[in-house]
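Reading through the structure tokens given below for one structure.
The values are calculated or read from the model by the stated rules, or taken from the named source; none is laboratory data. Quick caveat, the model's predicted, so the values are computed rather than measured. Here the Cβ positions follow ideal geometry from the backbone for every residue, glycine too, while neighbour counts run over all protein chains shown.
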């Protein structure tokens, strides 16, 4: 019997004990645990951080039998100190909703469990003092220094991002709690902290200035996620089954997997990785679904983009930039949403300017691109859901049929439904955004702002039978839009194409916010 797919399983012990497939990352664990350096790692949600910490927990607890046949077993050969158990304090902040659960009660519950093991004589003290004393008691009782593992430290902060009062309380609690790690270094063997974001000015970092942040380290760029080599080595049967189910060759299946789920890069020259959650679900369902994106809609990010009048066209024209400091530290009052979009996994590193030390960011893959744009669309257009007649699926059918009357009707209705804007939210921004979002959601056969040797056309759409060239004008005529297509020879690259070429000039009126002009030429 083959290995089972570990869907939703983050326990290393369960994976190894119950015959689940495990992609061996224990060589990274070996490097980390033998440096005795306190670490921080930022990665997007559902990217394997919890499994990584669970693996470290099993290592520090001396569970050698779980590592049989893995890389670390061979690496530890001849080490007389290997596999000796240490007291482990594993803080898992994943489970609770911190708008409902008090951070104080969550920490109290964790400490109470450990006090049952190491002694509860200090249970009436503050949370920070209790943790401090537990480190002492555990070290004395075991004769070993302690290991502190913190999983998703920022889950409480992200849960309460729209409630500053609760979030500030959590920051204060963390300040009194984790600051003890620095002063109690003599009792600590190893520290590893993970999260989605590294919140700037949160005392877990300001007080722990000795933390080594490996989030942008080339050496650890593939510590979470699945590389292309790992995909081909570990998932041979799953790739074959998915290809057969989808009617694809193996090479076509691998290409589709790469386009849909690969492309996350955590160092400019680091190995790109696939989203492990999406990959496992695609193999389980034998479908190319939008799995990672469906586990959590980025509501607060979408709201932030809208509130800051962010130019959504930047998502595909490679003009999203950030410094290393911006990518590593998140400041809640920073109006720029780009660093948070990177940390949460909606953007990834596409390029790096070594002279200016500037990162270029982009969508990692099609799952994220289309999922994120689909979430953005309702923020700009009030009535565009499935079945509304203004939805993308309906527009796509009209485009594939060459139904120009209904293409115009849908576009007219979409722009008429643009969310009401104030003077501070200029219609021009919404007008450009809706064009970009609409044509991006049409899929692979649509290209926004395609470059030609004479200029840049607003939108090109290709189907099996048609090629559409769209030029949009605001407060100018449709005739002027159509003239620009001809004057700049936008149709020239397609003269030898057997498909029917349709040139469409479209004009909008800012005052009425309506599509007022439509001119078509073959």
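For residue 327, indicate whether it is modelled with pLDDT of 85 or more and crowded, with 19+ Cβ neighbours inside 10 Å.
Values: modelled with pLDDT of 85 or more: no; crowded, with 19+ Cβ neighbours inside 10 Å: yes.
So residue 327 fails the test.
Just one of 396, 401, 408, 456 is modelled with pLDDT of 80 or more and surrounded by fewer than 16 Cβ atoms within 10 Å (Cβ to Cβ); which is it? Step through it out loud before you land on a result.
Working: 396 fails: surrounded by fewer than 16 Cβ atoms within 10 Å (Cβ to Cβ); 408 fails: surrounded by fewer than 16 Cβ atoms within 10 Å (Cβ to Cβ); 456 fails: modelled with pLDDT of 80 or more.
Criteria check complete, one pass: 401.
Within region 83-100, the presence of a residue that is part of a helix (DSSP H, G or I) and within 22 Å of residue 192 (Cα to Cα) is excluded. Can you pull out every residue in region 280-307 that is modelled with pLDDT under 80, surrounded by fewer than 15 Cβ atoms within 10 Å (Cβ to Cβ), touching a helix residue (DSSP H, G or I) at 6+ places or on another chain (Cβ under 9 Å) and in a loop (DSSP other than H, G, I, E, B)? Result: 295, 297.
Could you list, in sequence order, the residues of region 259-276 that are in a helix (DSSP H, G or I), in contact with a helix residue (DSSP H, G or I) (Cβ under 7 Å, 6 or more places away or on another chain) and closer than 18 Å to residue 234 by Cα?
The initial filter retains those residues of region 259-276 that are in a helix (DSSP H, G or I), namely 259-261, 276.
Narrowing further to those that are in contact with a helix residue (DSSP H, G or I) (Cβ under 7 Å, 6 or more places away or on another chain): 259-261.
Residue satisfying the conditions is 261 alone.
Considering the conditions (1) surrounded by 14 or more Cβ atoms within 10 Å (Cβ to Cβ); (2) modelled with pLDDT of 95 or more, residue 68 is excluded by exactly one of them, (1).
Return the residue satisfying two criteria in turn: it lies in region 195-207 and is over 15 Å from the mean Cα position of the chain (by Cα) and crowded, with 17+ Cβ neighbours inside 10 Å, and of such residues it is modelled with the highest pLDDT. It would help to see each step written out before you state the result.
So in region 195-207, the residues over 15 Å from the mean Cα position of the chain (by Cα) come out as 199-207.
Remaining after also requiring crowded, with 17+ Cβ neighbours inside 10 Å: 199-200, 202-205, 207.
Values: 199: 67, 200: 57, 202: 60, 203: 56, 204: 63, 205: 60, 207: 61.
Ranking the qualifying residues of region 195-207, first place goes to 199.
For (1) surrounded by fewer than 20 Cβ atoms within 10 Å (Cβ to Cβ); (2) assigned to a helix (DSSP H, G or I), each residue gets a yes or a no:
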position	(1), (2)
464	yes, no
470	no, no
482	no, yes
486	yes, yes
489	yes, no
493	yes, yes
501	yes, no
506	no, no
512	yes, no
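Kindly state which helices (runs of 4 or more DSSP H) lie completely within region 14-75 and contain at least 3 residues that are without any contact (Cβ under 8 Å) to a residue 60 or more places away in the chain and closer than 22 Å to residue 193 by Cα. Can you show your working first?
Working: elements: 26-33, 49-60, 71-75.
Passing ranges, in order: 26-33, 49-60.
Every test in (1) surrounded by fewer than 20 Cβ atoms within 10 Å (Cβ to Cβ); (2) over 22 Å from residue 47 (Cα atoms); (3) touching a helix residue (DSSP H, G or I) at 6+ places or on another chain (Cβ under 8 Å); (4) modelled with pLDDT under 85 is passed by residue 375 save one, and that test is (2). Looking at region 215-235, which of the residues that are out of contact with any helix residue (DSSP H, G or I) (no Cβ under 7 Å at 6 or more places or on another chain) and not in a helix (DSSP H, G or I) is nearest to residue 47 (Cα to Cα)? Filtering region 215-235 for residues that are out of contact with any helix residue (DSSP H, G or I) (no Cβ under 7 Å at 6 or more places or on another chain) and not in a helix (DSSP H, G or I), the one nearest to residue 47 (Cα to Cα) comes out as 222.
This table checks each residue for (1) in contact with a strand residue (DSSP E or B) (Cβ under 9 Å, 6 or more places away or on another chain); (2) assigned by TED's automatic domain parsing to the domain that holds residue 157; (3) not in a helix (DSSP H, G or I).
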| site | (1), (2), (3) |
| --- | --- |
| 278 | no, no, no |
| 309 | no, no, yes |
| 342 | yes, no, no |
| 361 | yes, no, yes |
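Here residue 248 passes the criteria (1) assigned to a loop (DSSP other than H, G, I, E, B); (2) modelled with pLDDT of 90 or more; (3) surrounded by 14 or more Cβ atoms within 10 Å (Cβ to Cβ); (4) within 26 Å of the chain's Cα centre (by Cα) except the one numbered (4). All conditions but one from (1) out of contact with any helix residue (DSSP H, G or I) (no Cβ under 7 Å at 6 or more places or on another chain); (2) more than 21 Å from residue 43 (Cβ to Cβ) apply to residue 150; the one that does not is (2).
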